[in-house]
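Everything below concerns the one structure shown next.
The values are calculated or read from the model by the stated rules, or taken from the named source; none is laboratory data. The model shown is predicted, which means the values in this text are computed figures rather than measured ones. Because the Cβ atoms are built from the backbone with ideal geometry, glycine has one as well, and the counts that use them run over all protein chains shown. These accessible areas exclude ligands, DNA and RNA; they are computed on the full protein's heavy atoms, side chains included. Shrake-Rupley method; radii C 1.70, N 1.55, O 1.52, S 1.80 Å.
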Amino acid sequence: RRPPRSTLFPYTTLFRSRARACIEAGADGIFAEAVHTLEDYKAFKKGLGDAPLLANITEFGATPLFSREELAEAGADMVLYPLSAFRAMNKAALQVYQSIREQGHQKDVVDIMQTRMELYDFLNYHDYEQKLDALFAKSKG
């Protein structure tokens, strides 16, 4: 990971040569921080050869919220969304706890919650439970 571009310099040949040096030293890929344009991603990727380039897309950061397709076309091999779900969960949690504090219950926000069955379906919980039952039945037999 490199410091934000504003503290270094544009994605020049020198910057790409430093990234290549990291790859030659054993890095599995390059994490380009605070990239401002798709052209910058293209310029950065240009000198990396086959080394994967990671795009860090975080809301409210320096990098615009480019789509996966735009980033792929610009040379990004991987896209990281490190805080998207966390921020959404925090906002939902705040809404729930504000409702509990103001109303004294959560009845008014149950409709925004994941149901137990939705969670179980997502986790394939019933399949897991059946496998456990089968394992315990074998150990008893």
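Where only DSSP H runs of four or more residues are counted, the chain gives -15500 deg cm²/dmol as its mean residue ellipticity at 222 nm, each run worth -39500 (n - 2.57). Between Leu123 and Lys140, the simple spin-label model (points 7 angstrom out along Cα→Cβ) gives 2.3 nm.
Solvent-accessible area of the chain (1.4 angstrom probe, protein heavy atoms only): carbon and sulfur portion equals 56 percent. Using semi-axes √(5λ) of the Cα gyration tensor in Å as the read-out, say which of (1) 43, 26, 12; (2) 23, 17, 14; (3) 31, 16, 14 was calculated from these coordinates. The calculated read-out lines up with (1).
Considering only Ala92, Gly104, Ala21, and ranking their Cα positions along the charge dipole of the chain that arises from unit charges at the beta-carbon of Lys, Arg, Asp and Glu, the one farthest toward the positive end is Ala21. In angstrom, the C-alpha Rg and Dmax of segment 31-74 are 9.9, 31.
Summarising the amide proton neighbourhood of Ile30: residues at separation of 5 or more, or on other chains, whose placed amide H is nearer than 5 Å comprise Leu53, Leu54.
Starting from 0.36 nm per residue, how many nanometres of slack lie between Ser84 and Glu39 once their C-alpha separation is accounted for? List each step's numbers first, then the result.
Numbers: separation 45, 0.36 × 45 = 16.20 nm, distance 2.42 nm.
So the extension gain works out to 13.8 nm.
Here the contact order of the chain, divided by its residue count and restricted to Cα pairs under 8 Å and six or more residues apart, works out to 16 percent. When the chain is treated as a Gaussian network with alpha carbon springs shorter than 10 Å, the biggest mean-square fluctuation among Gln95, Gln130, Gln103 belongs to Gln130. By the combined test of axial Cα extent (at least 15 Å) and Kyte-Doolittle hydropathy (mean at least -1.0), the qualifying DSSP H helices of the chain come to 13-24, 84-103.
Here is the list for segment 13-72: chymotrypsin sites (Phe, Trp or Tyr not before Pro) lying in DSSP coil, each with at most 11 other C-beta atoms within 10 angstrom of its C-beta, are Phe60.
If you find the alpha carbon centre of segment 42-68 and of segment 78-104, how far apart are they in angstrom? The distance from the Cα centre of segment 42-68 to that of segment 78-104 comes to 27 Å.
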